[in-house]
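The values are calculated or read from the model by the stated rules, or taken from the named source; none is laboratory data. Bear in mind that the values here come from a model prediction, so they are computed numbers and not experimental data. Cβ atoms come from the backbone with ideal geometry, glycine included; neighbour counts cover every protein chain shown. Heavy atoms of the whole protein, side chains included, go into the accessibility calculation; ligands, DNA and RNA do not. Shrake-Rupley method; radii C 1.70, N 1.55, O 1.52, S 1.80 Å.
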Amino acid sequence: MSDILVFLEQTDGSLPKASLTTAEAARQIKEAHGAGNLHALCLGKGSAKAAEAALSYGFATVYYSEDGAFDNYLAMAYAAAFEKALSESGASIGVAPATTTGKDFFPRVAAATAAGQASDIIAVNSDKSFRRPMFAGDVLADVEVTTDKKLITVRPTAFGEIAAAGGGGKTQELTGVSVPENAGEFVNLEESGGDRPELTAADVVISGGRALQSAENFEKYIYPLADVLNAAVGASRAAVDSGYAPNDWQVGQTGKVVAPELYIAIGISGAIQHLAGMKDSKVIVAINKDPDAPIFDLADYGLVADLYDVLPQLTEAIKSAKG
Amino acid sequence: MKILVPVKRVPDYETKIKINGEGTGVVTDGIKWIVNPFDEIAVEEAIKIRDAGTATEVVVVGIGPDDVAAQLRYAMAMGADRGIHVKTDEPVDSDGASRVIEAIYKKDEYGLVLMGKQAIDSDANQTGQLLAARLGVPQGCFVSKVEFADEKVTVTREVDGGLETIRLPLPCVLTTDLRLNEPRYASLPGIMQAKKKPMDEMSVADLGVDLTPKVRVLKMSPPPERQAGRKVESVEELVTALKDEAKVL
């Protein structure tokens, strides 16, 4: 009878989509297990409010702490809090989103609790077997976590959002977390920000590659199209490495994995590392000058053209099509 | 300060990966092996830190069969000072790797562990964090900038929201992201010198580490094939298709 504890990221009291899809994966694990309760943990400023909001998804206990130790993220502090909540809830399965936060602190919890961890799962086979991509998505592996305690990080785009489910749960402040003295200190966070939808949550993603040639051309050619479609903007590794786009826009094996309704790849040849980050998109459009670019092998619609000629036309045509 | 750099051997990223007949692993016959690209970035950074005078020695450690020596020699040809080869023919999961590296770390006095944020074969993104937790030291993962001052290291991390900077006391574990540096190529003199650099060999049993996996691969399968669609001739045709066929506008 295992209970499950889910780490829910929260921002100023609200739960982003990645938290709700991670919760859905946890609910599926609970269903596969056939018994036990779902609990959750929210940390940082606004976590009391986020915990209240989380109750509507059927969690039995939602732990939270607005202690200053969690104002800014530090791996040792977050791992210590999750370990404490695991022991208070008696849960033997821990679940977190495979965001840079979940990826960062969850293995520390695994080491501290002698748990095995399955990373970045895309499907729940049973309460101990999970499907996850390896080799940049060239392989889907069904892996079994053989330990009693199990930790799972979830690819947030691979699951739907958890449905609301009757309340009855309670929130509980998490206290007495001891953060090690050598945890380090937060200095600053340089947010690339902007008003656009978040890459992994957006319905439409427009990505630019090396062919854009400059950050200015991203602004001039990609942004107007993104505005018309209310799209998030992504980039290939080559474009990020060249400084045309910030690091957190990188779509691919080692960057962000997206699966929107519509993905438009502009001037991206389609290296396997990039394809690993977008090939589960529902509809893929590729625009590239090179008719032999590998991206055309998986695009639903390919247009062989110079992006500088066709992007302004495309932006206008979509604007009128959307009326 | 000595720097320990674990390196993993992985199939070259341009290799077309094939799953074996039983679906239990990938075909490795005739495969080209390389140093995991993120680990190569770690080797480069460690060499730079040593050459700047902040560290005295760069030690690379690899786990695996006899021919993993080739990847350790490559790292030494780049400029690492010596190698440690922990031999095993068994599969090693992230947890097992972290325990072998922990044992190696404890045999000497290291001030820093630098390693890749993930290996491009298993893509688990765990070993550095597991190691840091086992050693009871802080971690800076996915770093794109590293600076030392006053016995501390300030690192910039590539996170989902942008770039985060944190300051950590030493010793600690750092894992590298793509933009930390551009690894040098091993030069011919470097390759010659590397042959003479010391390499310790030992078995997993010598270290007293139990490699029983905590995560076991049951079955591998290829991802569903995505059908190539069609080429359109014009912007008009594309927009019509998106609107009427795909219904995404």
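Tabulated data
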{"quantity": "Whole-angstrom gap from segment B:153-210 to segment A:221-291, using each part's C-alpha centre", "calculated": "29"}
{"quantity": "Largest to smallest principal axis extent of the C-alpha atoms in the protein assembly as shown, angstrom", "calculated": "70, 66, 52"}
{"quantity": "Of all DSSP beta bridges in segment B:2-244, antiparallel share, percent nearest 5", "calculated": "40"}
{"quantity": "Antiparallel DSSP beta bridges within segment B:77-196, percent to nearest 5", "calculated": "65"}
{"quantity": "Those residues of segment A:119-150 for which accessible area with every protein chain present is at least 30 Å² below the isolated value (1.4 Å probe)", "calculated": "A:SER119, A:ARG132, A:MET134, A:PHE135, A:ASP138, A:VAL139, A:LEU140, A:ASP142, A:VAL143, A:GLU144, A:THR146"}
{"quantity": "Per-residue average of Cβ from other chains inside 10 Å of A:71-83", "calculated": "2"}
{"quantity": "Segment A:1-96, relative contact order [Cα under 8 Å, separation at least 6], %", "calculated": "37"}
{"quantity": "Antiparallel bridge percentage (DSSP; both residues within segment A:1-114; nearest 5)", "calculated": "10"}
{"quantity": "Solvent-accessible area buried by pairing B with A, both sides, nearest 100 square angstrom, 1.4 angstrom probe", "calculated": "6600"}
{"quantity": "Per-residue [θ]222 nm for the protein assembly as shown (sum of -39500 (n - 2.57) over DSSP H runs n ≥ 4, rounded to 500)", "calculated": "-8000 deg cm²/dmol"}
{"quantity": "Peptides ranked, highest mean first, by Cβ atoms within 10 Å: ranges A:179-190, A:62-73", "calculated": "A:62-73, A:179-190"}
{"quantity": "Residues with amide H under 5 Å from that of A:GLY234, placed H, sequence gap 5 or more", "calculated": "A:ILE206, A:SER207, A:GLY208"}
{"quantity": "Carbon plus sulfur fraction of accessible area for the protein assembly as shown, probe 1.4 Å, in percent", "calculated": "47"}
{"quantity": "Set of lysines near B:LYS243 by C-alpha distance (under 29 Å), chain-local residues within fewer than 8 positions excluded", "calculated": "A:LYS17, A:LYS220, A:LYS256, A:LYS279, A:LYS282, A:LYS289, A:LYS319, A:LYS322, B:LYS231"}
{"quantity": "Of A:ALA98, A:ALA79, A:ASN125, farthest towards positive along the dipole that unit charges on Lys, Arg, Asp, Glu beta carbons give chain A", "calculated": "A:ASN125"}
{"quantity": "A:MET134 accessible area, 1.4 Å probe, all protein chains in place, Å² to nearest 10", "calculated": "20"}
{"quantity": "Candidates B:GLY161, B:GLY111, B:GLY62: whichever shows maximal mean-square fluctuation once chain B is modelled as a Gaussian network with Cα springs under 10 Å", "calculated": "B:GLY161"}
{"quantity": "Share of pairwise Cα separations in segment B:2-244, more than 33 Å, in percent", "calculated": "25"}
{"quantity": "Nearby lysines by direct alpha-carbon distance to B:LYS32 (threshold 25 angstrom, same-chain neighbours under 8 apart not counted)", "calculated": "B:LYS8, B:LYS16, B:LYS18, B:LYS87, B:LYS117, B:LYS195, B:LYS196, B:LYS197, B:LYS219"}
{"quantity": "Shielded residues, segment A:251-270 - accessible-area loss of 10 Å² or more between chain alone and all protein chains, probe 1.4 Å", "calculated": "A:GLN253, A:THR254, A:LYS256, A:GLU261, A:LEU262"}
{"quantity": "Proximal charge balance of B:VAL204 [Cβ under 11 Å; K/R count +1, D/E count -1]", "calculated": "-2"}
{"quantity": "Rel. contact order, % - alpha carbon contacts under 8 angstrom, at least six apart, chain A", "calculated": "15"}
{"quantity": "20 Å cut-off, amide nitrogen to a point 7 angstrom out along A:ASP148 Cα→Cβ, residues in segment A:8-42", "calculated": "A:30, A:33-39"}
{"quantity": "Debye, to nearest 20: dipole size of chain B, +1 on Lys, Arg Cβ, -1 on Asp, Glu Cβ", "calculated": "220"}
{"quantity": "Accessible area per residue, Å², the protein assembly as shown with all protein chains present, probe 1.4 Å", "calculated": "40"}
{"quantity": "Diffusion constant of segment B:96-149 at 20 °C, which comes from Stokes-Einstein with the Kirkwood Cα-pair radius and 1.002 mPa s, µm²/s", "calculated": "177"}
{"quantity": "Cα-only Debye scattering, segment A:1-68: base-10 log of I(q)/I(0) at q = 0.13, 0.17, 0.20 Å⁻¹", "calculated": "-0.32, -0.53, -0.71"}
{"quantity": "Inter-chain Cβ neighbour average for residues B:165-173, partner chain, 10 Å", "calculated": "4"}
